[in-house]
Structure formats: C-alpha cells, structure tokens
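Asks: Structure incoming, see below.
The values are calculated or read from the model by the stated rules, or taken from the named source; none is laboratory data. As the structure is a computational prediction, the values presented were derived from the model and not from experiment. Here the Cβ is made from the backbone with ideal geometry for all residues, glycine too, and neighbour counts use every protein chain on show.
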Amino acid sequence: MKTASKGSLRTTLPMRKRRMAMVQTAPAHAQRFAVNHFNQKRDRRRHFRVRISLIGRFMRENKQEYPCKLLNMSPGGAAMMAPIAGEVGEKIIAYYDTLGRLEGTIVRVFEGGFALKLMATSHKREKFTEQLTWLTNRKSLGLPDERRHDRIIPKRVLTNLQLDDGEVRQCRVLDVSLSGASVYMENKPDLGMSVVLGRLRGTVIRHHSEGIGIQFTDIQGPTAIKRIFN
C-alpha cells in the first residue's frame, strides 16, 4: 500500500482533511492540543452574533448595579459596554426592556466593556433567537415595537406587593403600562425576584432612586389594567 506524500496530500485532500491528516501523524500531546483547538473554534462559531444597540442595566455579584449598552448578541453570548468591566468568571445579571433578563458569566474583558457567555435553557435560547430576529428585521420592515407601551399614572396608587417568600408589603404605584410598573418602596426586593403586584405576577428588573421596576409575566390588556389600578 502506497503512502501519500506531503505533496499529494496537499493536492488531493480538502483543507480540513489535510489538517486532520497532519494531526494524526503528530505526537499524542500535539494531537490533543490540535483537537481541542478545533473544537473551541467550532464552539465559538456555533451562534451568529447580531449587532444590536440597547440600553439597560446589569448587576454584579456584589449586588452593585451599573448602566450598560448591548453591542452585539447571539443566543449563546453577548458583548456590552459598561463603566465597570467586572472580572473574568464573574456572574452577571443584565436587564433590557426588549430582551428581558440576561444571565451569564464574563469570559472576556475589553476596553470599555466585557463579553458574556449566556446561561440559558434551550427554550430560552430559542426565544432569544426569535427576539433577535425581530429586532434585526423590525427597522427594515418598518414595524413598531410591540413591547413598547405607554405608561399611565394610576388613580389607585396604594396596593400590596407579595414577595416570593410570601411576605406582603404595602407599596405605591408610580406609573403602570401593559407590560410593567414602577413602584415606590424604601425596602427594595432583590433584582430577579418573582413578585405579585396586586393580582399581577412579575419580576423585579430594575432598582431606581424611588423604588423598583417590575416587568409583568404576561402582557396585560387595557381593561385589566384599568380594573386593577383605576
């Protein structure tokens, strides 16, 4: 059986097969390094990134919050600008009005920001894909943002806020929309906590100077909002 020469390998095999042939003839430790390198490159390219500009906030492991701007995102990762970069390996929770909650680990720090590897279920990744497709096509198609809702000042401002541990606190609703509410309260629940505002379930997605911002689990109809808050 004839052994192919380097020249014949170069002319008869595709590039990927030539590389694998070279790996197979290398020492064992070099083979392991090369295979890991190929796998890492493949993993990095598993998701296509979309350039996107959204303003939001993120929380570090020490519970400190900072503003941030999303630069690009894929279902598996994101890059964002921020005044504080954080540290590689640190877990981050970010919130954007259109995308909701992003949770992940910092994998790279660059000047003015950091890159995040997202921690999400397959269902959540599919949802990210749909959201990114919508955001990418919305402007070119001239479509409105269905998640943007006008806020109103409710007539009935005092209500109860139930926390995920069952504790009930009285609060004052500053404004409300079909998708969320801004609530005045001094003792603020943690970001990401599930709550019930009146009879509406939601999640604490923002802390502000007067209290918290809540995103409802489901988009409400105008009739339901009027019935609860007016």
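Asks: Gly198: small (Gly, Ala, Ser), farther than 21 Å from Tyr95 by Cα, at pLDDT below 90 and outside the structural domain of Gly100 (by TED's automatic domain parsing), yes or no? Give the steps one after another, and end with the answer.
Replies: On the way: small (Gly, Ala, Ser): yes; farther than 21 Å from Tyr95 by Cα: yes; at pLDDT below 90: no; outside the structural domain of Gly100 (by TED's automatic domain parsing): yes.
No, not satisfied.
Asks: Which one of these does Leu102 not meet: (1) over 22 Å from Val204 (Cα atoms); (2) in a strand (DSSP E or B)?
Replies: Among (1) over 22 Å from Val204 (Cα atoms); (2) in a strand (DSSP E or B), Leu102 violates only (1).
Asks: While we're here: Could you please give the count of residues in the stretch 60-73 that are surrounded by fewer than 20 Cβ atoms within 10 Å (Cβ to Cβ) and at pLDDT 90 or above? If you could, list the steps in order and put the result at the bottom.
Replies: Of all residues in the stretch 60-73, those surrounded by fewer than 20 Cβ atoms within 10 Å (Cβ to Cβ) come to 60-67, 69, 71-72.
Next, from what is left, pick out any that are at pLDDT 90 or above: 60-62, 71-72.
Number satisfying all stated conditions: 5.
Asks: Looking only at the stretch 115-124, filter to residues that are aliphatic (A, V, I, L, M) and in a strand (DSSP E or B); which one of those is surrounded by the most Cβ atoms within 10 Å (Cβ to Cβ)?
Replies: In the first step, residues of the stretch 115-124 are kept if they are aliphatic (A, V, I, L, M); the result is 115-116, 118-120.
Narrowing further to those that are in a strand (DSSP E or B): 115-116, 118.
On the way: Ala115: 18, Leu116: 26, Leu118: 20.
Ranking the candidates gives Leu116 first.
Asks: Within the stretch 93-114, count every residue that is of a type in the set (Gly, Ala, Ser) and either crowded, with 18+ Cβ neighbours inside 10 Å or not assigned by TED's automatic domain parsing to the domain that holds Glu61 (or both). I'd like the intermediate steps shown before the answer.
Replies: First, pick out the residues of the stretch 93-114 that are of a type in the set (Gly, Ala, Ser): 94, 100, 104, 112-113.
This time we only want the ones that are either crowded, with 18+ Cβ neighbours inside 10 Å or not assigned by TED's automatic domain parsing to the domain that holds Glu61 (or both), so: 94, 104, 113.
Result for the stretch 93-114: 3.
Asks: Filter the stretch 205-221 down to the residues that are of a type outside the set (S, T, N, Q), under 19 Å from Gln170 (Cα atoms) and in a loop (DSSP other than H, G, I, E, B) and list them by number.
Replies: Answer for the stretch 205-221, where residues must be of a type outside the set (S, T, N, Q), under 19 Å from Gln170 (Cα atoms) and in a loop (DSSP other than H, G, I, E, B): His208, Glu210.
Asks: Kindly indicate whether any position in the stretch 83-92 is outside any loop (DSSP other than H, G, I, E, B), buried (at least 19 other Cβ atoms within 10 Å of the Cβ) and either in contact with a Pro (Cβ under 7 Å, 6 or more places away or on another chain) or among the β-branched types (Val, Ile, Thr) (or both). Write out each step before concluding.
Replies: Initial filter on the stretch 83-92 (outside any loop (DSSP other than H, G, I, E, B)): 91-92.
Adding the requirement that they be buried (at least 19 other Cβ atoms within 10 Å of the Cβ) leaves 92.
If we keep only those that are either in contact with a Pro (Cβ under 7 Å, 6 or more places away or on another chain) or among the β-branched types (Val, Ile, Thr) (or both) too, we end up with 92.
The answer is yes, given that some residue of the stretch 83-92 is outside any loop (DSSP other than H, G, I, E, B), buried (at least 19 other Cβ atoms within 10 Å of the Cβ) and either in contact with a Pro (Cβ under 7 Å, 6 or more places away or on another chain) or among the β-branched types (Val, Ile, Thr) (or both).
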